[in-house]
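The values are calculated or read from the model by the stated rules, or taken from the named source; none is laboratory data. These figures come from a predicted structure and were not determined experimentally. Cβ atoms come from the backbone with ideal geometry, glycine included; neighbour counts cover every protein chain shown. Only protein heavy atoms, including side chains, enter the accessible area calculation; ligands, DNA and RNA are left aside. Shrake-Rupley method; radii C 1.70, N 1.55, O 1.52, S 1.80 Å.
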Amino acid sequence: MKLAQQLHFPVTPRGAGTGLSGGAVPVFGGLVLYFDRMDKIVDYDKKNLTITVQPGVITNRINDYVKGDGLFYAGYPMSYESCTIGGNVAENAGGGKAIKYGVTGRYVMGMEMVTPAGDIMRLGGKRLKDVTGYNLIQLMVGSEGTLGIFTEITLRLIPLPGASIDLMVYFTSIDDAIAMVPEIMTKVNILPTALEFMDRLSLEITSDFLGETIPQRDAGAMLLITIDGADSARIEADYEAIGELCLEGGALDVLVADTPAKSEKIWKVRRNVHEALRHRSPHTCSEDIVVPLASIPEMVRHIRKIEERFGVLIPTFGHAGDGNLHATVLKNSEWSAETWSNRAQEILKALYADCASLGGTISGEHGIGSKRKSYLHLVCDEPSIRMMEAIKSALDPGCILNPGKVVDSLRGSSHPA
Ligand SMILES: Cc1cc2nc3c(=O)[nH]c(=O)nc-3n(C[C@H](O)[C@H](O)[C@H](O)COP(=O)(O)OP(=O)(O)OC[C@H]3O[C@@H](n4cnc5c(N)ncnc54)[C@H](O)[C@@H]3O)c2cc1C
C-alpha cells in the first residue's frame with residue numbers, strides 16, 4: 001500500500017469474487033489483492049467463544065471447524081460454500097438466517113487491517129463490550145474494500161442449535177403470505193430462524209429448471225419458514241402453532257420437514273432459484289432492494305407494473321422476514337445486448353425510485369460497489385453522501401484503495417490523483 005501511495009496505482013481487494021455489485025472488479029486497473037492463500041484459522045478460543053481467521057477462509061469452513069464443539073458462526077450469507085469471510089465483512093453480508101441471528105457485522109469483534117496509507121492497525125479484540133472512542137470496526141464492516149484491507153478477523157461464536165424444522169407453506173397471493181410474517185412473531189411469539197418467500201414466477205421458473213411441478217396449482221406465493229431450538233421436543237409445539245396459524249390465514253397447504261432429507265427437499269427450490277433464473281436468461285440484474293416489511297406486497301405490485309411497462313420478467317424472491325427482495329430482471333430474449341444494457345439502466349432507475357418511495361433502499365446485502373454508485377442519491381440525502389465522501393477523503397486522500405466504488409472523494413475524484 002505504501003508503494004501504491006508513492007506510485008499512485010489503484011489496489012482492489014478481492015475475496016472469492018461472488019459479490020453482486022462489482023466491488024472486486026478493478027475498474028481503473030492496477031493491482032488486485034487476491035486473498036486465496038491467506039486462508040488460515042489463526043486462533044480458536046473456546047473459552048472466549050471466538051475464532052480468529054485470515055480473510056481468504058471460505059465462510060463455510062468456520063462452521064465445519066467449530067460444530068464438533070457445539071458452536072456456531074451465525075452471520076453467514078447463502079453463498080457460504082464459495083465466498084470468503086473477508087468479502088462477507090467488507091459487504092456486511094447477511095443471509096437466510098438474518099431475521100433471528102443478524103448479519104455479519106453483529107459477529108465481528110476485532111480485526112487486523114492495513115490502511116490505505118500502508119499502516120497496520122488492530123481494532124477490537126475478544127471483548128463483548130467496547131465503547132472506547134468511535135466504533136471503527138463497524139465503520140470498516142460494509143466498507144466494500146474502500147477504507148481498509150482486512151488481514152485477520154475475530155468472530156463471535158454462539159451455541160449451535162440442537163434441532164431445526166422447516167415448513168413450506170403455499171398461499172394464493174403474496175399479500176396473504178406476507179401478512180403472516182408479523183402474525184407469526186406476535187401470535188406465536190416466535191422469531192423464526194429463516195422466513196423466505198418466492199413469488200409465483202420464481203416458483204415456476206425454478207420448478208421447471210428442477211423438472212418438478214408446483215404441488216399447489218393455485219399457489220401465488222410460497223413461504224419457507226425455519227425454526228430452531230435446543231431440541232426437537234421444544235420446537236414441535238412451535239411449528240404446530242405456526243402451521244395452524246398459516247392455515248387460519250388462508251394457506252393452501254403446509255408441508256413439514258422434520259428430517260434432514262425432507263429439509264433438503266424443501267430448501268432445494270429456494271437454493272436453486274438463482275441458478276434457475278440464470279439458466280432461463282444468462283443476462284440478468286440480480287437486485288436486493290429492501291422495503292419495510294408491510295410494504296412487500298405493494299413493492300411486488302410496483303414490480304409487476306415495471307414488468308408490463310418495459311416488457312421484461314422480474315421474478316422476485318427473498319428474505320420476507322427482513323423485507324429484502326431479490327427482484328431479478330431477466331433480459332427480454334428479443335433484445336440485443338446493446339438494447340438490454342440501455343434498458344436495464346432505465347428499469348433499475350424505476351425499480352429503485354419505487355423502492356425509495358416506500359421508504360426502502362437499494363441494497364440490503366449486496367452493497368453499492370460500482371453497479372449502484374450512480375443511484376446512491378436516490379436513497380441517501382446530500383449531507384449523508386458528503387459525510388461518506390469526507391470519510392473516504394480522510395482515510396484515502398489519493399483514492400488508491402478500490403477507486404470507483406460506493407462514493408467518490410470530496411473533490412469528486414473517483415480514481416488515483
Ligand atoms: C448464488 C449467490 C448467492 C448469494 N447470496 C448472498 C446472501 O445470501 N447474502 C449476501 O449478503 N450476499 C450474497 N451473495 C453475494 C456475495 O456472495 C457476498 O457479497 C459475499 O460477501 C462476497 O464475498 P467474496 O469473498 O466473494 O467477496 P468479493 O466478491 O471478492 O468482494 C466483495 C467486496 O469485498 C471486498 N473485499 C474482499 N476481501 C477483502 C478484504 N480482505 N479486505 C477488504 N475488502 C475486501 C472487495 O474489494 C469487494 O468490494 C450471493 C452471491 C451469489 C453468487
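Here are the numbers for this structure:
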read-out: Which numbered condition residue 166 fails, given (1) open to solvent by 10 Å² or more (accessible area, probe 1.4 Å); (2) in contact (Cβ under 8 Å) with a residue 60 or more places away in the chain; value: (1)
read-out: All positions within the stretch 28-40 that are touching a strand residue (DSSP E or B) at 6+ places or on another chain (Cβ under 8 Å), more than 11 Å from the ligand (Cβ to nearest atom) and assigned to a loop (DSSP other than H, G, I, E, B); value: 30, 39, 40
read-out: Scope the stretch 15-26; condition buried (at least 22 other Cβ atoms within 10 Å of the Cβ) and near the ligand (Cβ under 6 Å from one of its atoms); matching residues; value: 15, 19, 23, 24
read-out: The stretch 94-121 - residue that is under 20 Å from the mean Cα position of the chain (by Cα) and charged (D, E, K, R) and, of those, nearest to residue 152 (Cα to Cα); value: 106
read-out: Strands (runs of 3 or more DSSP E) enclosed by the stretch 182-272 - at least 3 residues per element that are within 22 Å of the chain's Cα centre (by Cα) and either within 23 Å of residue 79 (Cβ to Cβ) or among the aliphatic types (A, V, I, L, M) (or both); value: 194-199, 221-229
read-out: Search result, residues across the stretch 275-285 that are open to solvent by less than 80 Å² (accessible area, probe 1.4 Å) and either outside any helix (DSSP H, G or I) or touching a strand residue (DSSP E or B) at 6+ places or on another chain (Cβ under 8 Å) (or both); value: 277, 281, 284, 285
read-out: Qualifying positions in the stretch 286-334 - in contact (Cβ under 8 Å) with a residue 60 or more places away in the chain, open to solvent by 20 Å² or more (accessible area, probe 1.4 Å) and either more than 21 Å from residue 379 (Cβ to Cβ) or among the basic types (Lys, Arg) (or both); value: 313
read-out: Enumeration of residues in the stretch 336-354 that are surrounded by 17 or more Cβ atoms within 10 Å (Cβ to Cβ) and over 23 Å from residue 179 (Cα atoms); value: 340, 343, 344, 347, 348, 352
read-out: Test: residue in the stretch 286-299 that is more than 16 Å from the ligand (Cβ to nearest atom), assigned to a loop (DSSP other than H, G, I, E, B) and out of contact with any strand residue (DSSP E or B) (no Cβ under 9 Å at 6 or more places or on another chain); value: yes
read-out: Matching entry among 144, 112 (being within 11 Å of the ligand (Cβ to nearest atom) and more than 30 Å from residue 271 (Cα to Cα)); value: 112
read-out: Residue among 393, 370, 374, 384 that alone is assigned to a helix (DSSP H, G or I) and surrounded by 14 or more Cβ atoms within 10 Å (Cβ to Cβ); value: 393
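This table checks each residue for (1) over 25 Å from residue 95 (Cβ atoms); (2) in contact with a Lys or Arg (Cβ under 6 Å, 6 or more places away or on another chain); (3) open to solvent by less than 30 Å² (accessible area, probe 1.4 Å).
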residue: 220; (1), (2), (3): yes, yes, yes
residue: 232; (1), (2), (3): no, no, no
residue: 236; (1), (2), (3): yes, no, no
residue: 248; (1), (2), (3): yes, no, no
residue: 259; (1), (2), (3): no, no, no
residue: 262; (1), (2), (3): no, no, no
